[in-house]
Structures are given as structure tokens and as C-alpha cells.
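This report concerns only the one structure given below.
Laboratory data are not the source of any read-out in this text; all were calculated from the coordinates shown. Computed from a predicted model, the values in this text were never measured in an experiment. So basically every Cβ, Gly included, is an ideal-geometry build from the backbone, and we count neighbours across all protein chains shown.
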Amino acid sequence: MRALMFEAPWQMPLREVPSPRPAPGEVLVRVRAAGVCGSDVHGFTGSTGRRSPGVVMGHEFCGTVEALGERVERHRVGDRVVVQPIVSDGTCPQCRAGRPNLCLHRRGIGWSVNGGYAEFVSVPERNALPLPAEVSWHEGALVEPLAVALHAANLTPLEVGDTVAVLGAGPVGLLTVLALRLRGAGRVIVSDLSPHRLDLARRLGADEVIHAGGTDPVEEVRRLTVGHGADAVLEVVGITATVRQSVQMCRNGGHVTWVGNSAPTVEVPMQEVVTREITVRGAYAFVDEFARAVELLRSKRVDVTPLIERVAGLEDGPELIHDLARGSLDAVKVVLEP
Ligand SMILES: [Zn+2]
């Protein structure tokens, strides 16, 4: 089969490799659509250390069941499925407490084991969820980032009508806008450096957008909230500049949720967190939000299709990911069709 092999930083060529065989309890999935995630692009450059050479990336994908390993009970050949990429052991204290996303032995399909930038991938049967016929392959590729956004919104305490700021208008930041709308946010303010992404944020329901290249986002949020600050802030970038802003633009006693995952270490204005009693928490991946994301797409409560700005074959993946990493391509979501 054909697969994009991550061989070294900046090197992820299309290779012909043996097709995987499903082990007992696994299903072989023929990948129909796989979304390119920012973490893959940053992993590709080696800047975050979140991807190791030798792995096939791709953790946002869906497809059809092509073959069954022994003892598979939930699926039949031909089923449409979307793959939930976190493999948890189901037995550790975190799993038993209902937090498989924080499993002590978690692995990731598409980062620690081979993922969806390939024609075929073998996954544990419980990681393959039914994808209803009403959800297209392209939408299926956005289930995972939508679930991340839903989880971040769910972990952010909100009252109906609250003013919420979102720092970063990448795919998860934009999907967070949709999630916050569902969650009853009042005014949603989005800040980013890309005018193109800010336009999309407006189309998806942002009330105010801040072009962070020309305007200080902290001052602008203070101005928009008459000096008060946002009730809640979601940071969806993961670098010092936006982490600092997330604290500074939050109101006294407000809440900051960190979703961004880029720089391993950042500088934080801790004194402000203390003296203004700001609550900061992290949000990682999702729990039951994955199934909810599927249902929200099936029922058409959210429309993720405006995010998909490029669809290409697997063979175009290396060049597209290279261009995304260099910054010469500003497509919000690229979907590969292996
Ligand atoms: Zn566990």
C-alpha cells in the first residue's frame, strides 16, 4: 500500500510499504479521508518533538472496514467508521475514573502508532466508531478536531451570554467558536495573525475579530469589554505570547482554558493569576465528546465544511505539508484522500 512515512524532520515521502494485517480484536480500515493537523505539521518540522521518525502520521480519519481480525464482534466488512485515535488500556486509575484521554499508558493512532496517512490502517475495534451515512467522508475527517473543541468548551465554566475570547483561529480555534455558540456564549472574540482565518471566524459566528499583527489583542479585548476583560479565554496556540495574553485579557476571577500545545515551556504572568484570582486549566483531547461530535454532524447542528479548504490525494501530501510548515500555504484544513 501507499503511505506517507515520516523519516526525519522535513522528510515524509510517499512510500510503498506492506499493508498491515489486523491483529485479534482489530479491524483493517481503508482510509477515505484524513485531515492534516497542525500538530502533524509541527511534528514534521521536528519543532515540538511530538512525532518520532518511522511513524505514519494522521489521527483525523475515517473510512470503511476492509477486513476483520479474530474475535471482532462490533463491525462487519464494509462498515463506515471514524477512528477515535486515543488507545487507552481501560484499566489504569485514570481510565477507571472516566478519563481515558489521560490514561497512564495511552498511545495515539497517528503519533505513537501508525495512522491515517496511508491506504490502510489497522486499529482496535473499539477505536472504530460507526459513521452515520448522513456524515460525509470529509466531515468524518473533522470529527476528531471538533471533539477537541467540544471538550475545551465543556471544561470552560460559562454562563449564558458570557463574553469569551479565543486566541488562535486554526482549525481547533475555529471549531471552538462553533462549540462556544452551542454552549451559550454571548460575545465571542477571536484573535489571530491571519486575516483569511479571521474572515472564516466571522463566517462561523465570531462577533469580533482582532488582527493581532496590527492591534494589541489585550487592549482590544479590554476596550470591547469596557475595561472588564473576558469572562473566559481559550488559548488555542500554545506559545508564550498568546499564553500571556490569555491571562492578561481575562477578567478578575475569570477562567482561562489552555488548549494550545506547541511550546513545551512558556512564561506565564503568574502574579496576575494570583492577584486577580484567575483559574487556569488545561484541556487535552476528549472523552465522550468524540461520539457527540459525530452526532452533532449527523444532526447538522454544526457545519464544519467551511474549514475544508483543500482536498488532495495522498501523493500531494508531502508538498502540501511542506508548504503548510513553511507558511506558504494558509489553508485552514487540508483533507487527504488516500
Ligand atoms: Zn488507562
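Quick one: grab the alpha carbon gyration tensor of region 1-134, order the square roots of its eigenvalues as a ≥ b ≥ c, and give me rounded if a/c is under 1.5, else prolate or oblate depending on whether a/b is larger than b/c.
Numbers: a/c = 1.82, a/b = 1.17, b/c = 1.56.
Because a/c hits 1.5 or more and a/b fails to exceed b/c, region 1-134 counts as oblate.
Calculated mean residue ellipticity at 222 nm for the chain: -7500 deg cm²/dmol, from DSSP H runs with n ≥ 4 weighted as -39500 (n - 2.57), summed, divided by the residue count and rounded to 500. A simple packing score, the average count of other Cβ atoms within 10 Å per residue, orders the peptides 217-228, 112-123 as 112-123, 217-228, with the highest score first. Rounded to the nearest 10 degrees, the angle from helix 171-182 to the longest Cα principal axis of the chain is 70 degrees. Cα centroid separation, region 1-76 to region 181-253: 34 Å.
Charged side chains reduced to their Cβ positions (Lys and Arg at +1, Asp and Glu at -1) give region 185-240 a dipole of some 140 debye around its Cα centre. Near residue 33, the amide H atoms lying under 5 Å from its own belong to 62; only residues 5 or more places off or on other chains count, and H is placed 1.01 Å from N.
Among 60-68, 101-109, how do they line up by average Cβ neighbours within 10 Å per residue, starting with the highest?
Working: 60-68: 23.6, 101-109: 17.0.
Output ranking for 60-68, 101-109: 60-68, 101-109.
With viscosity set to 0.692 mPa s at 37 °C, what whole-number translational diffusion coefficient in µm²/s follows for region 148-282 from Stokes-Einstein and a Kirkwood radius over Cα pairs? Before the final figure, lay out the partial values.
Values: Rh = 14.2 Å.
My calculation gives 232 µm²/s for D.
Taken along its three principal axes, the alpha carbon spread of the chain comes to 61, 42, 35 Å, from the longest extent down to the shortest.
Hey, got the dipole for the chain? About the Cα centre, +1 on K and R Cβ, -1 on D and E Cβ, debye to the nearest 20? Show your work: numbers first, answer last.
Numbers: 35 positive and 40 negative charges, 122 e Å.
Roughly 580 debye for the chain.
Distance between the 7 Å Cα→Cβ label points at residue 77 and residue 298: 2.6 nm.
Database remark: amide H of residue 46 closer than 5 angstrom to the amide H of 10 (H placed geometrically; neighbours at sequence offset of 5 or more, or on other chains; Pro and chain starts carry no H).
Per-residue packing, averaged as other Cβ atoms within 10 Å, sorts the ranges 303-309, 146-152, 290-296, 16-22 into the order 146-152, 290-296, 303-309, 16-22, beginning with the highest.
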